[in-house]
Amino acid sequence: MIIGITGKYGSGKDTVIEYLTNKGFQAHFLSDEIKKEARRRNVKANRDNLIEVGIKLKEKYGAGILAERIQSRLTADKKHIISSLRNMQEVKVLSRHPQFVLIAVIADKQKRYEMLKNKAREDSSKKFKQFLDTKKIEESYDPDEKELKKVHQTAKIVIKNESTKEELYKKVDQVLADLNKQFYHRPSWDEYFLKLAMLASERSTCPRMHCGCVLVKDKNVLATGYNGSIPGAGHCDEIGCLVVDNHCQRTVHAEMNALIRAAKRGSSVNGATAYITNMSCTNCSKALITAGIKRVVIFSDFHDTLAVKFFTQAGVKIDKLSVPRRIIDYDLESYSSARK
Ligand SMILES: [Zn+2]
Ligand SMILES: [Zn+2]
């Protein structure tokens, strides 16, 4: 999950960021990128220099440059919060991530005045001066109020800070709960095994159909299979299919392969469930029934076969699932655990 935060000074966005950081979010500040650039250029990081560096960066590389620079740190296995977005180009850059969401933290003028006054009281005068400096630096790299307004209007989620800190935290918790539901769907057992069947289908070698099958008993995988050639016969996707009567004769179907692999290892599939990407062909349904499969779970219907009729006659339960997220796409580059 990648949360972009936008909000005016004193709106409470820093409170939200602090709260989310305590909840395990990694915070990234676009203004830090200006400081890093200043270090790179051996420029002293005082206010005027930072303002100048920020303006030059944007002139040379475009308004989205600060967002571009934090991209490589936005790993998929962590939750991130980015503050603070001030132009549409930054929104565009971060919107490339499927799990990006923009949140605007808003407060009316009175509330913002109170927040800034409290901030002044909490901080020593020196610190408050630094705070005001930071404010100016951030504003300087995009002084256009209209642009900031556009960013606010783009935000899918608006958190209104109108009462106490605790009330603000409650609102953030609610937003997080909703986002977790949206982004992190925990698959049911059926979805889990069907997805494994999809993964198995990726190993298919017959281009006529990619199909996967997983045999499961007591939540344990007994065997997996996919549409592939008999050993030693070469792969259809390399040497072409061996078609007779409109069927590829070289291919052993996913269900058959799974049953055979279970047999080779001496695992009984009696009473097991077959998770299959597609409804079986007639022959595979016969084999599954005879092997004692009691339930079949599929994603999609198959063409016209006798499988449904045979399964029904044999008392095999058929469940067709519509899986909410059909795409299994792991971008391993974005997982820190997959990096060296
Ligand atoms: Zn083939
Ligand atoms: Zn088959």
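Observations, loosely collected:
- Any helices (runs of 4 or more DSSP H) falling wholly within region 1-100 and containing at least 2 residues that are in contact with an Asp or Glu (Cβ under 9 Å, 6 or more places away or on another chain): 30-40, 47-61, 65-70, 88-94
- Among (1) surrounded by fewer than 22 Cβ atoms within 10 Å (Cβ to Cβ); (2) closer than 25 Å to Asn22 by Cα; (3) under 18 Å from the mean Cα position of the chain (by Cα), the one test that Ile82 misses: (1)
- The single condition from (1) out of contact with any strand residue (DSSP E or B) (no Cβ under 9 Å at 6 or more places or on another chain); (2) modelled with pLDDT of 95 or more; (3) assigned to a loop (DSSP other than H, G, I, E, B) that Gln313 fails is (3).
- Criterion violated by Ile5 - all others in (1) surrounded by fewer than 21 Cβ atoms within 10 Å (Cβ to Cβ); (2) under 19 Å from the mean Cα position of the chain (by Cα) satisfied: (1)
- Filter pass, Ser84 being hydroxyl-bearing (Ser, Thr, Tyr), touching a helix residue (DSSP H, G or I) at 6+ places or on another chain (Cβ under 9 Å) and modelled with pLDDT of 85 or more: yes
- In summary, Lys219 fulfils each of the numbered conditions (1) farther than 22 Å from Ser322 by Cα; (2) free of Cβ contacts under 8 Å to residues at least 40 places away in the same chain; (3) more than 12 Å from ligand 2 (Cβ to nearest atom) with the single exception of condition (1).
- Index of the failed condition, Asn246 passing every other in (1) more than 23 Å from Leu194 (Cα to Cα); (2) of a type in the set (S, T, N, Q); (3) within 11 Å of ligand 2 (Cβ to nearest atom): (3)
- Of the listed requirements (1) crowded, with 18+ Cβ neighbours inside 10 Å; (2) modelled with pLDDT of 95 or more; (3) more than 16 Å from ligand 1 (Cβ to nearest atom), Phe299 misses just one: (2).
- Of all the residues in region 222-236, those that are within 16 Å of ligand 2 (Cβ to nearest atom) and either in contact with a Gly (Cβ under 9 Å, 6 or more places away or on another chain) or not hydrophobic (A, V, I, L, M, F, W, C) (or both) number 7.
- Taking region 194-209 as the range and being more than 14 Å from ligand 2 (Cβ to nearest atom), in a loop (DSSP other than H, G, I, E, B) and basic (Lys, Arg) as the test, only Arg203 passes.
- Qualifying position, being of a type in the set (Lys, Arg), surrounded by 16 or more Cβ atoms within 10 Å (Cβ to Cβ), more than 16 Å from ligand 1 (Cβ to nearest atom) and under 30 Å from Ser84 (Cα atoms), among Lys181, Lys171, Lys156: Lys171
- Matching option when the condition is farther than 17 Å from Asn161 by Cα and touching a residue at least 40 places away in the same chain (Cβ under 8 Å), among Lys56, Lys23: Lys23
The values are calculated or read from the model by the stated rules, or taken from the named source; none is laboratory data. What you see is a predicted model; the values in this text were computed from it and never measured. So basically every Cβ, Gly included, is an ideal-geometry build from the backbone, and we count neighbours across all protein chains shown.
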